[in-house]
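Student: Attaching a single structure in structure tokens format; questions to follow.
The values are calculated or read from the model by the stated rules, or taken from the named source; none is laboratory data. Everything quoted here is computed from the prediction, not taken from an experiment. Every residue, glycine among them, receives a Cβ derived from its backbone with ideal geometry; neighbour counts consider all protein chains shown.
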Amino acid sequence: MTTRAPKSMWSLETLGRTRLSRHFFMRDFFFSEISAFHGIPNIPDDPDTMITAAQGLAQNLLDPMVETFGPLAIRSGYRSPTLNQFGNDNKLNCSHNRANKAQRMWDYRDDNGHIGACVSVVIPWFADQYGDHPHPRRDWRDLAYWLHDHIPYSAIWFFPKLACFNLTWNEQPKRTISSYIAPRGTLLAANAEPSETLKQRQKRYADFPPFRAITYPETPDTWSAA
């Protein structure tokens, strides 16, 4: 069924209630400080493509992280083309629209026709160990290599504050890791092999929680009113 672009508050609310995965709903990714401060609606042109991209991101990347580290802090997610262009024009840390298809603009395929989605994430469990910029206590590469070895990401960019990182899912992943934290630059080029062996990488994150080990209460198949 085709989902039309929201034309009212109620249709936008319905889109926001769309469940993407065990832990996430579409509403989790709509908030934007640029949108809130400047009064620019953050509404998709193509909800169907957006939902598909969001499901790929949530199910393949974010759910495994929640089920390993606990709650995530979503710093920013989807941006409409209008909102993103405004951010780029006004130098608000937004790349131009051409670069953000299948990145921040989840409702637009990239130039190769692939669906994708990018989100900025903080893992509080790791941020508490990482410490404060500019004197981090723990190496961001410990987390970077854990991500590489455990989830099917397309691109990751690390930032100095809170070890926040941009995390991208794509139908055709490139598998690149870069950082603005020292050592700055490219840690892993597209589809390249890491410079560290698997054993070396595992030593870095040996104290991390077991992968997807969080347990949940069972949902009963049947129940009766008290």
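Student: Take segment 199-226 and flag every residue that is at pLDDT 90 or above and over 27 Å from Pro124 (Cβ atoms).
Tutor: Hit for segment 199-226 is Lys199, nothing else.
Student: Kindly provide the set of residues from segment 129-159 that are more than 18 Å from Pro183 (Cβ to Cβ), of a type in the set (D, E, K, R) and at pLDDT 95 or above, ordered by number.
Tutor: The answer is Asp149, and nothing else.
Student: A further question follows. What number goes with the only condition from (1) on the phi > 0 side of the Ramachandran plot; (2) surrounded by fewer than 16 Cβ atoms within 10 Å (Cβ to Cβ); (3) touching a residue at least 12 places away in the same chain (Cβ under 8 Å) that Gly113 does not pass?
Tutor: (3)
Student: Does Leu162 count as more than 21 Å from Ser120 (Cα to Cα) and either at pLDDT below 95 or of a type in the set (A, V, I, L, M, F, W, C) (or both)?
Tutor: In short, no.
Student: Could you list, in sequence order, all residues of segment 157-190 that are over 23 Å from Pro64 (Cα atoms) and surrounded by 16 or more Cβ atoms within 10 Å (Cβ to Cβ)?
Tutor: Pro160, Ile181 - these are the residues of segment 157-190 that are over 23 Å from Pro64 (Cα atoms) and surrounded by 16 or more Cβ atoms within 10 Å (Cβ to Cβ).
Student: Of all the residues that make up segment 1-42, how many are among the hydrophobic types (A, V, I, L, M, F, W, C), at pLDDT 90 or above and part of a loop (DSSP other than H, G, I, E, B)?
Tutor: The qualifying residues number 5.
Student: In segment 178-204, what residues are touching a strand residue (DSSP E or B) at 6+ places or on another chain (Cβ under 7 Å) and closer than 24 Å to Tyr108 by Cβ?
Tutor: Scanning segment 178-204 gives Ser178, Ala190.
Student: If you don't mind, there's one more thing I want to ask. Determine which member of the set Ala36, Ala73, Ala102 is within 30 Å of Pro209 (Cβ to Cβ) and either surrounded by fewer than 19 Cβ atoms within 10 Å (Cβ to Cβ) or of a type in the set (A, V, I, L, M) (or both).
Tutor: Ala73
Student: Which of the residues belonging to segment 79-94 are without any contact (Cβ under 8 Å) to a residue 60 or more places away in the chain, part of a loop (DSSP other than H, G, I, E, B) and surrounded by 14 or more Cβ atoms within 10 Å (Cβ to Cβ)?
Tutor: Residues satisfying the conditions are Arg79, Ser80, Leu92.
Student: Hey, another quick one. Given the conditions (1) buried (at least 19 other Cβ atoms within 10 Å of the Cβ); (2) under 26 Å from His114 (Cβ atoms), which single one is not true for His23?
Tutor: All conditions are met except number (1).
Student: Can you say whether Thr68 is of a type in the set (Ser, Thr, Tyr) and modelled with pLDDT under 90, as far as the supplied structure shows?
Tutor: no
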